[in-house]
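Structure first, commentary second.
The values are calculated or read from the model by the stated rules, or taken from the named source; none is laboratory data. Note that the structure is a prediction, hence the values are computed from the model and not measured. Cβ: placed from backbone, ideal geometry, glycine included. Neighbour counts: every protein chain shown. Heads up: the accessible areas ignore ligands, DNA and RNA and are worked out on the full protein's heavy atoms, side chains in. Shrake-Rupley method; radii C 1.70, N 1.55, O 1.52, S 1.80 Å.
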Amino acid sequence: MNISVFGLGYVGCISIGCLAKNGHTVTGVDVSETKVSQINSGKATIIEKDIDLIIGEQHRNGRISATTDFKKAITGSEVSIIAVGTPSTPHGHLNLDYIFKVAANFGEALKEKSGFHIIAIRSTILPGTCDKFAKIVEDTSGKKRNIDFAIVDNPEFLREGTAVHDYYHPPLTLIGSDNTQAAEKLAELYKELPAEIIITDLGVAEIMKYVNNTFHALKISFANEIGNICKALDINSHEVMDIFCKDKQLNISPYYFKPGFAYGGSCLPKDLKGLQTLAHDLYVQVPVIESIDKTNHLQIERAIEYFGQYKSKTLGFLGISFKAGTDDLRNSPSVTLIETLLGKGFDIKIYDRNVQLSRLTGTNKEYIDNHIPHLSNLMCSNTDELVEKSDVLIVTNKEKEFIEVINSIENKPVVDLVYLDKSLVNKEGYYGINW
Ligand SMILES: NC(=O)c1ccc[n+]([C@@H]2O[C@H](COP(=O)([O-])OP(=O)(O)OC[C@H]3O[C@@H](n4cnc5c(N)ncnc54)[C@H](O)[C@@H]3O)[C@@H](O)[C@H]2O)c1
């Protein structure tokens, strides 16, 4: 394929080298004449293992060249990859000036090009940027998106220091687009790579890099805070984290990674508080760990705020224990939610097959007696009774029987706090708390 790559910095240099090595003819474009002449002399523009060799070899093969002439590069290629910088502004916003400058370049060049052109943004951009980019191209060129050109987001996951290796061994290849044909054409560029190619919506692809990098930063900071606590206790933190990583069921796994409601129960809140207090007593600051409980409370508040619109209605709760399959009410976020809503004067009904009030004992009974002493007056004995007596249904745990109940409901809003089942998402009147 004839490809043009905009930006000959880190990502651009790796891209032109590796794409050429995979058999494509690549033209690099940069505003820096120095970088352009480096490439045209067969030299890499960056210091990185193996890239000098690749650029030299592919330059000799005639597969790599560079230019400052964007029009020539765009008209001479069918696919363009954008890898210009997207630095932070002094206030922390993303500076997209280089990206939009390139968009204007495309507008200029596409005015004069007759064939269909695919523009793939490899730079890290915020959600909505591809649409703005396409608008600039349309306004400048008079051409139409998805008729004359298509835009694709194709985020880069390489790390400096191992960039060539990472290019050939990505965790996955992500392509976001509103144009399947363009997405599939771009996917061809990566078909040799040993990684799954995922084609998805533009928004999903655009936010992914931020989700990944924020999580990576969170991992590092979490490990550092654990290390700091361990050090203060003379415990081997590396052994701790090595063992932590061996748990592939709950720790290093998709488990818990589902947007939904607040955590609760008898363990997570208690043990989190225990570690926080331990750190405090050791004079170790743990702001990441301390923020977890705050964000958990915000999730409950988010639900409370949402229910404000149903003030005069009867809210029917499907579940009150902290998760499906248990009658444990201790620190259940649903108990906090219901207690707060009752305090605000809401009329509430509850069904939970696991919670039989006469059978509650010990700290579990004590907990609910302290928080909702008149719980028995609110309970329904079956789902039919709950549905009949309620105006709005609220799902608070993933009990399987609730799926059928929700599917059978007509003309009543359903608020799902836990992503009960994928199949419900398109149901009329269904609202998910964070999806
Ligand atoms: N460096 C990394 O490890 C890495 C990894 C993944 C993603 N990214 C993302 O990729 C993008 C590029 O990062 P980088 O590190 O390669 O940046 P960089 O600063 O090394 O290179 C950017 C290049 O773009 C050129 N440029 C600027 N305006 C231009 C224009 N109008 N036309 C042509 N070229 C132009 C600059 O001269 C420069 O050579 C950023 O969005 C970055 O966040 C970087």
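Elements of the type helices (runs of 4 or more DSSP H) sitting completely within the range 319-414 and holding at least 3 residues that are in contact (Cβ under 8 Å) with a residue 24 or more places away in the chain and on the phi < 0 side of the Ramachandran plot: these cover 333-343, 362-371, 383-389, 401-408. Looking across the range 29-59 at every residue that is closer than 22 Å to Asp166 by Cα and among the acidic types (Asp, Glu), the one that is farthest from the chain's Cα centre (by Cα) is identified as Glu57. All of Gly92, Gly85, Gly76 fail the test of being farther than 17 Å from Val152 by Cα, within 9 Å of the ligand (Cβ to nearest atom) and either touching a residue at least 60 places away in the same chain (Cβ under 8 Å) or within 27 Å of the chain's Cα centre (by Cα) (or both), apart from Gly85. Every condition in (1) farther than 26 Å from Lys132 by Cα; (2) assigned to a helix (DSSP H, G or I) holds for Asn213 except the one numbered (1). Report whether or not Asp148 is open to solvent by 80 Å² or more (accessible area, probe 1.4 Å), closer than 25 Å to Tyr98 by Cβ and away from the ligand (no atom under 16 Å from the Cβ). No, not satisfied.
When Ser423, Ser390 are checked against the criterion of being surrounded by 14 or more Cβ atoms within 10 Å (Cβ to Cβ) and among the small types (Gly, Ala, Ser), Ser390 stands alone in meeting it. Checked against the criterion of being outside the structural domain of Ala83 (by TED's automatic domain parsing) and touching a residue at least 60 places away in the same chain (Cβ under 8 Å), the candidates Tyr167, Tyr210 yield just one match: Tyr210.
Of all residues in the range 200-215, those that are surrounded by fewer than 18 Cβ atoms within 10 Å (Cβ to Cβ) and within 28 Å of Lys21 (Cβ to Cβ) total 3. Here Ser114 fulfils each of the conditions (1) open to solvent by 10 Å² or more (accessible area, probe 1.4 Å); (2) within 12 Å of the ligand (Cβ to nearest atom) apart from (2). Within the span defined as the range 270-286, every residue fails to be in contact with a Ser or Thr (Cβ under 9 Å, 6 or more places away or on another chain), open to solvent by less than 80 Å² (accessible area, probe 1.4 Å) and within 26 Å of Thr361 (Cβ to Cβ). Residues in the range 119-138 that are within 13 Å of the ligand (Cβ to nearest atom), surrounded by 20 or more Cβ atoms within 10 Å (Cβ to Cβ) and assigned to a helix (DSSP H, G or I): Thr129, Phe133. The single residue among Asp384, Asp416, Asp347 that is at pLDDT 95 or above, open to solvent by 50 Å² or more (accessible area, probe 1.4 Å) and in contact with a strand residue (DSSP E or B) (Cβ under 7 Å, 6 or more places away or on another chain) turns out to be Asp347.
The set of residues from the range 11-33 being within 15 Å of the ligand (Cβ to nearest atom), of a type in the set (D, E, K, R) and touching a helix residue (DSSP H, G or I) at 6+ places or on another chain (Cβ under 6 Å) comprises just one member, Asp30. Scanning the range 34-61 for residues that are in contact (Cβ under 8 Å) with a residue 24 or more places away in the chain and either near the ligand (Cβ under 10 Å from one of its atoms) or in contact with an Asp or Glu (Cβ under 6 Å, 6 or more places away or on another chain) (or both) yields Lys35, Val36, Ala44, Thr45, Ile46, Glu48. Inside the range 169-183, residues that are among the hydroxyl-bearing types (Ser, Thr, Tyr) and more than 15 Å from the ligand (Cβ to nearest atom) make up a count of 2.
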